[in-house]
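Take a look at the structure set out below.
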Amino acid sequence: GDSVTQMEGPVTLSEEAFLTINCTYTATGYPSLFWYVQYPGEGLQLLLKATKADDKGSNKGFEATYRKETTSFHLEKGSVQVSDSAVYFCALSPVGSGGYNKLIFGAGTRLAVHP
Amino acid sequence: NAGVTQTPKFRVLKTGQSMTLLCAQDMNHEYMYWYRQDPGMGLRLIHYSVGEGTTAKGEVPDGYNVSRLKKQNFLLGLESAAPSQTSVYFCASRGRLKPGPNYNEQFFGPGTRLTVL
């Protein structure tokens, strides 16, 4: 079945460091791909998305490119801030999930950024 | 505009007790969802609703029931709580599909942390 695999955390970085969080998926066809972020004590928020191969989603300095050939959607940011400390979830919406917009989530990766 | 709210925020139950979690949204969304979040497993869909008066099972529905009597509310019930239901529960909602890319953003509530002893 469809699934999402993320790199295990926690990821600990110093402020202004470069961030990569790996995400790979298994699915038929061309699912839509997403990154959600969960700040401490809050619910999940959509960070960025891509709906077709080679699309690049971007928001708040974060970027991810939909790579069909490697079935990947890695999250990157050039210079992280303490305020980026959160749990990041990669997710996919399978082709044909249509009616209720099914989302399949990865396990989440905790990011801690220190001053 | 409060978005998606959940009550209560925290709850501790004993095995066998029952409770209801309430989710409310003020965005006039058609679709609502209940997820559970467990360490190392991401979020898993329990039940969902595509409109007032309708509900359907998700990935992990056993031990839970839901009701959507009003469009803005989606209730999750545990009739006889078990330790395996210790988790963080998230509600989400979204509007109708729009033309174009087949996706509308799901908006999440802040979660309810439930412990079953």
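The values are calculated or read from the model by the stated rules, or taken from the named source; none is laboratory data. Predicted model, so just to flag it, every value in this text is computed and none were measured. Every residue, glycine as well, gets a Cβ built from its backbone with ideal geometry; the counts of neighbours run over all protein chains shown.
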In region B:51-62, anything within 10 Å of another protein chain (Cβ to nearest Cβ) and either crowded, with 16+ Cβ neighbours inside 10 Å or touching a Leu at 6+ places or on another chain (Cβ under 7 Å) (or both) is listed as B:Gly58, B:Glu59
Do we find that B:Met41 is within 24 Å of A:Thr109 (Cα to Cα) and either at pLDDT 95 or above or within 11 Å of another protein chain (Cβ to nearest Cβ) (or both) in this structure?
yes
Could you tell me whether B:Ser87 is touching a residue at least 40 places away in the same chain (Cβ under 8 Å), more than 23 Å from A:Leu48 (Cα to Cα) and of a type in the set (Gly, Ala, Ser)?
yes
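Can you list the strands (runs of 3 or more DSSP E) lying wholly within chain A that have 3 or more residues being surrounded by fewer than 21 Cβ atoms within 10 Å (Cβ to Cβ), more than 13 Å from the chain's Cα centre (by Cα) and polar (S, T, N, Q)?
none
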Hey, B:Gln17 polar (S, T, N, Q), outside any loop (DSSP other than H, G, I, E, B) and surrounded by 14 or more Cβ atoms within 10 Å (Cβ to Cβ) or not
no
